[in-house]
Amino acid sequence: TTNNYTLQVTQTGTYTLSRVQDALCTGRVSGSGIVRSHSYPTAIISGSATICEHLSTNLSVALTGAAPWKFSYRRNSETPVEVPNVLSSPRTISVNKAGTYILTEVYDKNCKGTVSGSAVITVTPAPDVELSGLAAAYNKQSPDWIPMTGTPAGGTFSGPGVIPYNSLWYFVPSLPPVGTHNIVYSYRASPSSCYGYDTAVVRVLEASAVIEFENHRTKYCRNDASF
(Lines give C-alpha, C1' and ligand atoms only; values in the text may rest on other atoms or scores of the structure.)
Protein backbone atom coordinates (compact mmCIF):
# COMPACT_ATOMS: atom_id res chain seq x y z
CA THR A 1 0.00 0.00 0.00
CA THR A 2 3.08 2.31 0.07
CA ASN A 3 5.98 2.95 -2.30
CA ASN A 4 8.60 1.49 0.08
CA TYR A 5 8.42 -2.03 1.46
CA THR A 6 10.83 -3.67 3.95
CA LEU A 7 11.44 -7.34 3.28
CA GLN A 8 12.54 -9.30 6.36
CA VAL A 9 15.04 -12.12 5.61
CA THR A 10 16.83 -14.66 7.83
CA GLN A 11 19.30 -16.36 5.49
CA THR A 12 22.49 -15.28 3.76
CA GLY A 13 22.68 -14.94 0.01
CA THR A 14 21.83 -12.68 -2.92
CA TYR A 15 18.21 -11.58 -3.15
CA THR A 16 16.60 -10.44 -6.44
CA LEU A 17 13.05 -9.62 -7.49
CA SER A 18 11.30 -12.00 -9.87
CA ARG A 19 8.36 -9.82 -10.86
CA VAL A 20 6.27 -6.79 -9.89
CA GLN A 21 2.66 -5.96 -10.57
CA ASP A 22 0.48 -3.01 -9.58
CA ALA A 23 -3.28 -2.65 -9.79
CA LEU A 24 -3.10 -2.21 -13.56
CA CYS A 25 0.01 -3.79 -15.07
CA THR A 26 2.95 -6.15 -14.70
CA GLY A 27 6.18 -4.15 -14.61
CA ARG A 28 9.95 -4.49 -14.64
CA VAL A 29 12.28 -5.41 -11.77
CA SER A 30 15.97 -4.65 -11.12
CA GLY A 31 18.60 -4.54 -8.40
CA SER A 32 19.76 -7.07 -5.83
CA GLY A 33 20.47 -7.28 -2.12
CA ILE A 34 23.33 -9.28 -0.56
CA VAL A 35 23.10 -10.60 2.99
CA ARG A 36 26.32 -11.81 4.68
CA SER A 37 26.71 -13.49 8.05
CA HIS A 38 29.56 -12.73 10.49
CA SER A 39 30.41 -14.64 13.65
CA TYR A 40 30.69 -12.70 16.89
CA PRO A 41 34.34 -11.99 17.78
CA THR A 42 35.71 -13.22 21.10
CA ALA A 43 38.55 -12.09 23.36
CA ILE A 44 40.12 -14.07 26.24
CA ILE A 45 42.70 -12.57 28.61
CA SER A 46 45.29 -14.67 30.51
CA GLY A 47 48.75 -14.40 32.03
CA SER A 48 48.59 -14.46 35.84
CA ALA A 49 52.08 -13.91 37.30
CA THR A 50 54.12 -12.83 40.32
CA ILE A 51 56.69 -10.12 39.55
CA CYS A 52 59.19 -8.01 41.46
CA GLU A 53 58.39 -4.42 42.30
CA HIS A 54 59.03 -1.94 39.45
CA LEU A 55 59.17 -4.72 36.85
CA SER A 56 56.54 -5.52 34.24
CA THR A 57 55.02 -8.63 32.72
CA ASN A 58 52.91 -9.37 29.65
CA LEU A 59 49.27 -10.40 29.63
CA SER A 60 47.94 -12.20 26.56
CA VAL A 61 44.64 -11.47 24.79
CA ALA A 62 43.55 -14.18 22.34
CA LEU A 63 41.13 -12.92 19.68
CA THR A 64 38.80 -14.51 17.16
CA GLY A 65 37.02 -12.79 14.29
CA ALA A 66 38.23 -10.50 11.53
CA ALA A 67 41.03 -7.96 11.99
CA PRO A 68 41.36 -5.17 12.90
CA TRP A 69 40.13 -5.59 16.47
CA LYS A 70 39.57 -3.11 19.26
CA PHE A 71 39.30 -4.16 22.89
CA SER A 72 39.32 -2.60 26.35
CA TYR A 73 40.62 -3.92 29.66
CA ARG A 74 40.73 -2.69 33.24
CA ARG A 75 42.54 -3.38 36.50
CA ASN A 76 40.22 -3.93 39.46
CA SER A 77 37.60 -1.16 39.26
CA GLU A 78 39.71 1.41 37.39
CA THR A 79 38.66 3.15 34.17
CA PRO A 80 39.03 0.79 31.18
CA VAL A 81 42.00 1.20 28.86
CA GLU A 82 41.26 0.93 25.13
CA VAL A 83 43.62 -0.88 22.76
CA PRO A 84 42.72 0.03 19.14
CA ASN A 85 43.79 -1.23 15.72
CA VAL A 86 44.92 -4.72 16.74
CA LEU A 87 46.01 -6.56 13.60
CA SER A 88 47.00 -10.00 14.90
CA SER A 89 46.20 -12.47 17.67
CA PRO A 90 47.27 -12.95 20.41
CA ARG A 91 47.94 -9.37 21.50
CA THR A 92 50.16 -8.77 24.54
CA ILE A 93 49.65 -6.05 27.17
CA SER A 94 52.52 -4.90 29.40
CA VAL A 95 51.48 -4.31 33.04
CA ASN A 96 53.40 -3.60 36.26
CA LYS A 97 50.75 -3.13 38.95
CA ALA A 98 49.17 -5.69 41.25
CA GLY A 99 45.52 -6.51 40.78
CA THR A 100 42.97 -8.44 38.73
CA TYR A 101 42.80 -7.62 35.03
CA ILE A 102 39.70 -8.31 32.94
CA LEU A 103 38.42 -7.38 29.49
CA THR A 104 35.38 -5.12 29.21
CA GLU A 105 34.58 -5.24 25.48
CA VAL A 106 35.84 -6.31 22.07
CA TYR A 107 35.02 -5.33 18.48
CA ASP A 108 36.33 -6.82 15.27
CA LYS A 109 35.97 -5.44 11.75
CA ASN A 110 32.27 -6.27 11.65
CA CYS A 111 30.70 -6.83 15.07
CA LYS A 112 30.82 -6.34 18.80
CA GLY A 113 31.73 -9.57 20.56
CA THR A 114 32.11 -11.30 23.91
CA VAL A 115 34.97 -11.25 26.43
CA SER A 116 36.12 -13.68 29.12
CA GLY A 117 39.04 -14.67 31.32
CA SER A 118 41.06 -12.81 33.92
CA ALA A 119 44.68 -12.42 35.03
CA VAL A 120 45.91 -11.82 38.58
CA ILE A 121 49.22 -9.98 39.02
CA THR A 122 51.03 -10.16 42.37
CA VAL A 123 53.90 -7.76 43.08
CA THR A 124 56.71 -8.75 45.46
CA PRO A 125 58.40 -5.77 47.18
CA ALA A 126 62.06 -5.16 46.33
CA PRO A 127 64.61 -4.15 48.98
CA ASP A 128 65.57 -0.52 49.46
CA VAL A 129 69.18 -0.29 48.27
CA GLU A 130 71.68 2.57 48.50
CA LEU A 131 75.12 3.11 46.96
CA SER A 132 77.44 5.59 48.67
CA GLY A 133 81.04 6.80 48.49
CA LEU A 134 81.18 8.27 44.99
CA ALA A 135 81.50 11.89 43.92
CA ALA A 136 79.80 13.29 40.84
CA ALA A 137 83.03 13.62 38.80
CA TYR A 138 86.67 12.48 38.78
CA ASN A 139 89.89 13.30 36.97
CA LYS A 140 90.94 10.47 34.65
CA GLN A 141 94.59 11.00 35.60
CA SER A 142 93.83 10.42 39.27
CA PRO A 143 95.71 7.41 40.74
CA ASP A 144 93.15 7.02 43.55
CA TRP A 145 91.04 3.98 44.24
CA ILE A 146 87.68 5.19 45.53
CA PRO A 147 86.05 2.79 48.06
CA MET A 148 82.32 2.23 47.63
CA THR A 149 79.70 1.09 50.12
CA GLY A 150 76.40 -0.62 49.48
CA THR A 151 73.47 -0.82 51.88
CA PRO A 152 72.37 -3.47 52.79
CA ALA A 153 75.81 -5.07 52.68
CA GLY A 154 76.50 -8.21 50.70
CA GLY A 155 75.60 -7.09 47.19
CA THR A 156 77.75 -6.52 44.14
CA PHE A 157 78.95 -3.45 42.23
CA SER A 158 79.27 -3.17 38.47
CA GLY A 159 80.14 -0.62 35.83
CA PRO A 160 83.21 0.79 34.06
CA GLY A 161 86.17 1.17 36.40
CA VAL A 162 84.72 -1.02 39.18
CA ILE A 163 87.01 -3.67 40.68
CA PRO A 164 86.86 -5.88 43.80
CA TYR A 165 89.89 -6.14 46.08
CA ASN A 166 90.30 -7.81 49.50
CA SER A 167 86.52 -8.18 49.97
CA LEU A 168 85.99 -4.48 49.17
CA TRP A 169 84.82 -2.68 46.02
CA TYR A 170 86.58 0.28 44.42
CA PHE A 171 86.00 2.72 41.58
CA VAL A 172 89.25 3.52 39.76
CA PRO A 173 88.86 6.73 37.67
CA SER A 174 91.86 5.92 35.44
CA LEU A 175 90.27 2.74 34.07
CA PRO A 176 87.08 3.84 32.26
CA PRO A 177 87.13 6.15 29.21
CA VAL A 178 86.34 9.83 29.48
CA GLY A 179 82.60 10.29 29.66
CA THR A 180 79.56 9.61 31.82
CA HIS A 181 79.16 6.18 33.40
CA ASN A 182 76.60 4.34 35.50
CA ILE A 183 77.90 2.57 38.59
CA VAL A 184 75.34 0.09 39.92
CA TYR A 185 74.96 -1.61 43.28
CA SER A 186 72.70 -4.66 43.27
CA TYR A 187 71.46 -6.62 46.26
CA ARG A 188 68.96 -9.33 47.10
CA ALA A 189 68.38 -11.07 50.39
CA SER A 190 68.22 -14.62 48.96
CA PRO A 191 68.41 -16.39 45.59
CA SER A 192 64.61 -16.50 45.42
CA SER A 193 63.97 -12.86 46.34
CA CYS A 194 63.92 -9.68 44.25
CA TYR A 195 66.94 -7.60 43.40
CA GLY A 196 67.15 -3.99 44.50
CA TYR A 197 69.41 -1.58 42.61
CA ASP A 198 70.87 1.85 43.13
CA THR A 199 72.72 3.66 40.36
CA ALA A 200 75.23 6.48 40.72
CA VAL A 201 76.07 8.56 37.64
CA VAL A 202 79.81 9.41 37.55
CA ARG A 203 81.64 11.64 35.07
CA VAL A 204 85.27 10.92 34.19
CA LEU A 205 86.98 14.05 32.85
CA GLU A 206 90.33 15.00 31.37
CA ALA A 207 92.67 16.94 33.65
CA SER A 208 92.06 20.21 31.77
CA ALA A 209 88.27 19.90 31.83
CA VAL A 210 86.02 21.96 34.05
CA ILE A 211 84.41 19.77 36.70
CA GLU A 212 80.79 20.60 37.40
CA PHE A 213 79.48 18.80 40.44
CA GLU A 214 75.92 17.62 40.46
CA ASN A 215 73.94 15.06 42.37
CA HIS A 216 72.19 12.70 40.03
CA ARG A 217 71.02 9.30 41.24
CA THR A 218 68.48 6.81 40.10
CA LYS A 219 66.94 3.85 41.86
CA TYR A 220 65.23 0.90 40.29
CA CYS A 221 64.49 -2.72 41.02
CA ARG A 222 64.47 -5.87 38.94
CA ASN A 223 64.69 -9.61 39.48
CA ASP A 224 67.79 -10.50 37.49
CA ALA A 225 71.39 -9.36 37.57
CA SER A 226 71.81 -8.46 33.88
CA PHE A 227 71.77 -4.86 32.75
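The values are calculated or read from the model by the stated rules, or taken from the named source; none is laboratory data. Keep in mind that this is a model prediction, so the values were computed, not measured. With ideal geometry, Cβ positions are generated from the backbone for all residues, glycine too; neighbour counts draw on all protein chains shown. SASA here: full protein model, heavy atoms, side chains in, ligands and nucleic acids out. Shrake-Rupley method; radii C 1.70, N 1.55, O 1.52, S 1.80 Å.
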In a Gaussian network model over the chain where Cα atoms closer than 10 Å are linked, find which of Ile34, Ile102, Ile45 has the largest mean-square fluctuation. Ile34
Quick check for you: with a 1.4 Å probe and neighbouring chains kept, what is the accessible area per residue of the chain, in Å²? 63 Å²
Options (1) 1, 6, 10, 10, 8, 7, 7, 7, 7, 7, 6, 4, 3, 2, 2, 2, 2, 2, 2, 1, 1, 0, 0; (2) 1, 5, 9, 13, 15, 16, 15, 10, 7, 4, 2, 1, 1, 0, 0, 0; (3) 1, 6, 13, 16, 17, 17, 13, 8, 4, 2, 1, 0, 0 are given for P(r) over Cα pairs in 5 Å bins from 0, in percent, and the computed one is (1)
Neighbour count of at most 14 Cβ within 10 Å plus DSSP loop: longest trypsin sites (Lys or Arg not before Pro)-free window in the chain: 110-227
Difference of contour (0.36 nm per residue) and Cα-Cα distance, Leu87 to Ala23: 17.6 nm
Output row, site Thr64, 7 Å Cα→C-beta label point, backbone N cut-off 11 Å, window the range 36-55, residues 39-44
Taking the simple approach of a point 7 Å from Cα along Cα-to-Cβ for both Tyr165 and Ser39, what is their distance in nm? 7.0 nm
So the label point goes 7 Å from the Cα of Ser48 along Cα→C-beta, right? Which residues of the range 65-107 then have their backbone N under 14 Å from it? 99-102
Can you pull out the GluC sites (Glu not before Pro) in the range 76-113 that DSSP calls coil and that have at most 16 other Cβ atoms within 10 Å? Glu78
Counting only residues 5 or more apart in sequence or on a different chain, those whose built amide H sits under 5 Å from that of Ala137 are Arg203
Distance from the range 112-130 to the range 28-65 (C-alpha centre basis), Å: 21 Å
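Considering Cα pairs under 8 angstrom that are at least six residues apart, work out the relative contact order of the range 151-199 and quote it in whole percent.
Across the range 151-199, relative contact order equals 36 percent.
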